[in-house]
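A.B. asks: Right, I'll just put the structure down here and ask away after.
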Amino acid sequence: MPDNQNVLIVGGGPAGLAAAEAAAKRGVQTLVLERQNEIGYPIHTSGGSWVQDMKALGIPEHLYHPIQKVIFLTPHREVPLYYNPAVACVVDIRGLYQHLAARAVAAGASIRVRHTVEQTLFEDGRVLGVTAKTHVGERIEVRADVTIDASGVARHVGVRTDMGKAFHRYGYGAEYDLYAPNYPQDELYLIMGSEYAPQGYAWAFPRGNGRVRLGVGVIHPDNDEDARVYLDRIMRDIPQLAERFKGASPLEYHTGLFPSEGPVERFTRDGLILAGDSGGHGSTLVGEGIRFAIYSGQMAGEVAAEAVKAGNTSGSYLERFDKRWRARFGRDMDISYMINKHIAPYSDAQWDNSLDLLKRMTPAQLAQALRGDYSASLVMGILARNPGLAARGGKRFLDLMLERINKPAPTSIEGSL
């Protein structure tokens, strides 16, 4: 006998867990299937985020480590920026995911770990649920009014239901989580340049209690380098970091993938919603996904519950999710992708020149840009502080940003293409 649910969520990451809480809060029967043995493991993300968003999402302060000093490093430049109070933070990934899981369960959702989705139930253009293998090897069938694919970059349901192909362009990251007794816990490094992160960037993210995540990410197929081989080189050969990592040793090793193509064309069809990385909902600017996954999941869970209660789970009804997401995030995600494509192939000299520009930006302007909160006033402020941009060809790019910013945010799928 099939297991019948109102809302079935494939994937127990931040998007899936946020969707589960949002749907269950609205009184519909909600189930999450997670293929791993536990929520929040293995870790596939560095955890960089923003204090403002953690507060808005109701994340307890003990689950994120605030950062007051952000240092940009290129082959021949270094720019430190100071923030008091802190605006950036590094998240306790496992703790955050399990917190989101507890919130979902408290709202009435159920979670089943070590349940691997195998096939999608799909008939006459409608997604009806999935088949899965349980933790004891039993094969089961779970049917649902609405299925939410929150399976991340793999897009297990989306690719099987003609909701776009597997991602072709993606960031590949490798990371040590170290105990580093000499690393200052209020300093975050972002490192650019071909010697340490070809067509990508490297990072050192302190997360409290002497722990630091040191990683490097590159974009494939823009570049075919293996991010893993750069980790030890960064620790050893960058003078600013060598002293800080003296006596450090890795306690964990992580790898992960991040879609770098921007959002997929459509997020919904009859009985199905794509949320989080499965829909390309993260920012391609610096490969940031956690907060966007949570926001996306909340929207998806809300719309799924609304559809169930309305007795209408058609694609035309679920399309409300597409419209809400694009109205809130579509324009900024488009700009982030435009910037990513522009800077990914930078040479070392271009990265050095970029840091000369950053020196003339205020810390607040830079934080706003990195957060992907684009506005006309931000662009005009950058131009005002950098009158030489026009001579270096940068003004044309900023003009394109202004053009996109001033374009009305799409409220329909057609308007976003």
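The values are calculated or read from the model by the stated rules, or taken from the named source; none is laboratory data. Because the structure is predicted, anything quoted here is derived from the model rather than measured. We place every Cβ from the backbone using ideal geometry, glycine too, and count neighbours over all the protein chains shown. Side chains are part of the model used for accessible areas, which takes the heavy atoms of the whole protein and leaves out ligands, DNA and RNA. Shrake-Rupley method; radii C 1.70, N 1.55, O 1.52, S 1.80 Å.
A.B. asks: How charged is the neighbourhood of residue 225? Take every other residue with its Cβ under 14 Å from the Cβ of residue 225, and add Lys/Arg as +1 and Asp/Glu as -1.
C.D. replies: It works out to a net charge of -2.
A.B. asks: Can you pull the Kirkwood radius for segment 1-102, inverse mean 1/r over Cα pairs, to one decimal in Å?
C.D. replies: Taking every pair of different Cα atoms in segment 1-102, averaging 1/r and inverting gives 15.8 Å.
A.B. asks: Something else about it: Residue farthest toward the positive end of the dipole of the chain, with Cβ of Lys/Arg at +1 and Asp/Glu at -1: which of 152, 203, 298?
C.D. replies: Farthest towards the positive pole: 298.
A.B. asks: Keeping every protein chain present and rolling a 1.4 Å probe, give me the accessible area per residue for the chain in Å².
C.D. replies: Heavy-atom accessible area per residue stands at 42 Å².
A.B. asks: Shifting gears a bit: What figure in square angstrom, to the nearest 10, would you give for the accessible area of residue 338 with a 1.4 Å probe?
C.D. replies: Looks like 50 Å² after rounding.
A.B. asks: Once phi is turned into ³J(HN,Hα) by the Karplus curve 6.51 cos²θ - 1.76 cosθ + 1.60 with θ = phi - 60°, what whole-Hz value does each residue of segment 165-171 show in order, with x for glycine and proline?
C.D. replies: Each residue of segment 165-171 in turn: 7, 4, 5, 8, 9, 8, x Hz.
A.B. asks: Can I ask one more? Among the listed pairs 69/341; 323/407; 25/323; 341/407, give every one whose C-alpha distance is greater than 24 Å.
C.D. replies: Over 24 Å Cα-Cα: 69/341.
A.B. asks: Rolling a 1.4 angstrom probe over the protein chains, ignoring ligands and nucleic acids, what is the accessible area of residue 100 in square angstrom, nearest 10?
C.D. replies: For residue 100, the solvent-accessible surface is approximately 0 Å².
A.B. asks: Zone of residue 3 (label point 7 Å along Cα→Cβ, backbone N under 14 Å): which residues in segment 101-126?
C.D. replies: From segment 101-126, the list is 109-119.
A.B. asks: Counting Lys +1, Arg +1, Asp -1, Glu -1, what net charge surrounds residue 405 among other residues with beta carbon under 14 Å of its beta carbon?
C.D. replies: Its environment carries a net charge of -2.
A.B. asks: Can you work out ³J(HN,Hα) from phi for every residue in segment 143-158, in order, using Karplus 6.51 cos²θ - 1.76 cosθ + 1.60 and θ = phi - 60°, giving whole Hz and x for Gly and Pro?
C.D. replies: Running phi through 6.51 cos²θ - 1.76 cosθ + 1.60 with θ = phi - 60° gives 9, 8, 5, 9, 9, 10, 7, 10, 8, x, 4, 5, 6, 4, 8, x Hz.
A.B. asks: Here's something else I'd like to know. Can you give the FRET efficiency to the nearest 0.05 for residue 384 and residue 68, using r as the Cβ-Cβ distance and R₀ = 25 Å?
C.D. replies: The pair residue 384/residue 68 has a calculated efficiency of 0.40.
A.B. asks: Rounded to the nearest 0.05, what FRET efficiency do residue 376 and residue 251 give with R0 = 51 Å and r taken as the Cβ-Cβ distance? Could you check?
C.D. replies: Calculated value: 0.65.
A.B. asks: Shifting gears a bit: Taking the chain as the reference, fit the longest principal axis to its C-alpha atoms, fit the long axis of helix 93-107 to the helix C-alpha atoms, and give the angle between the two in degrees, 0 to 90, nearest 10.
C.D. replies: Around 30 degrees separate the two axes.
A.B. asks: Taking 41 Å as R0, compute the FRET efficiency from the Cβ-Cβ separation of residue 37 and residue 343 and round it to 0.05.
C.D. replies: 0.60
A.B. asks: Which semi-axes, in whole Å and largest first, does the equivalent ellipsoid of segment 16-59 have when worked out from the alpha carbon gyration tensor as the square roots of 5 times its eigenvalues?
C.D. replies: 22, 19, 6
A.B. asks: What nm value, rounded to one decimal, do you get for the distance between residue 352 and residue 116 when each label is placed 7 Å out toward the C-beta?
C.D. replies: Distance between the two pseudo-spin positions: 5.1 nm.
A.B. asks: Can you give me the orientation-averaged projected area of the convex hull built on the Cα atoms of the chain, in nm²?
C.D. replies: Projected area, direction-averaged: 19.7 nm².
A.B. asks: Of the trypsin sites (Lys or Arg not before Pro) in segment 202-249, which ones lie in a loop per DSSP and count no more than 16 other C-beta atoms within 10 Å?
C.D. replies: 246
A.B. asks: Still on this structure, please answer the following. What is the Cα radius of gyration of segment 288-386 over 2.2 N^0.38 Å, N being its residue count?
C.D. replies: Rg over 2.2 N^0.38 Å, computed on Cα atoms: 1.47.
A.B. asks: Same structure again: Could I have the simple spin-label model distance between residue 182 and residue 131, label points 7 Å from Cα toward Cβ, reported in nm to one decimal?
C.D. replies: Once both label points are built, they end up 5.8 nm from each other.
A.B. asks: A further question follows. At a 1.4 Å probe radius, which order do 55, 165 fall into by accessible area, largest first?
C.D. replies: These residues rank, largest area first, as 165, 55.
A.B. asks: Moving to a separate point now. About its Cα centre, what dipole magnitude does the chain give when the only charges are +1 on Lys and Arg Cβ and -1 on Asp and Glu Cβ, stated in debye to the nearest 20?
C.D. replies: Dipole magnitude for the chain comes out near 720 debye.
A.B. asks: Counting only protein heavy atoms and a 1.4 Å probe, tell me what percentage of segment 161-254's accessible area is made up of carbon and sulfur.
C.D. replies: In segment 161-254, the share of accessible area belonging to carbon and sulfur is 48 percent.
A.B. asks: Sticking with this structure for a sec: Per DSSP H run of at least 4 residues, take -39500 (n - 2.57); add these up for the chain, divide by its residues and hand me the 222 nm value, nearest 500 deg cm²/dmol.
C.D. replies: Helices in the chain give a 222 nm mean residue ellipticity of -10000 deg cm²/dmol.
A.B. asks: Can you grab the distance from the C-alpha centre of segment 269-284 to the C-alpha centre of segment 33-58, Å, no decimals?
C.D. replies: Each part reduced to its Cα centre gives a spacing of 17 Å.
A.B. asks: Could I ask something else about it? Give the residue list of GluC sites (Glu not before Pro) in segment 73-156 that are DSSP loop and have at most 16 other beta-carbon atoms within 10 angstrom.
C.D. replies: Counting only loop positions with at most 16 other Cβ atoms within 10 Å, the GluC sites (Glu not before Pro) in segment 73-156 are 138.
A.B. asks: For segment 98-140, give the percent of accessible area contributed by carbon and sulfur heavy atoms, probe 1.4 Å, rounded to a whole number.
C.D. replies: 46 percent
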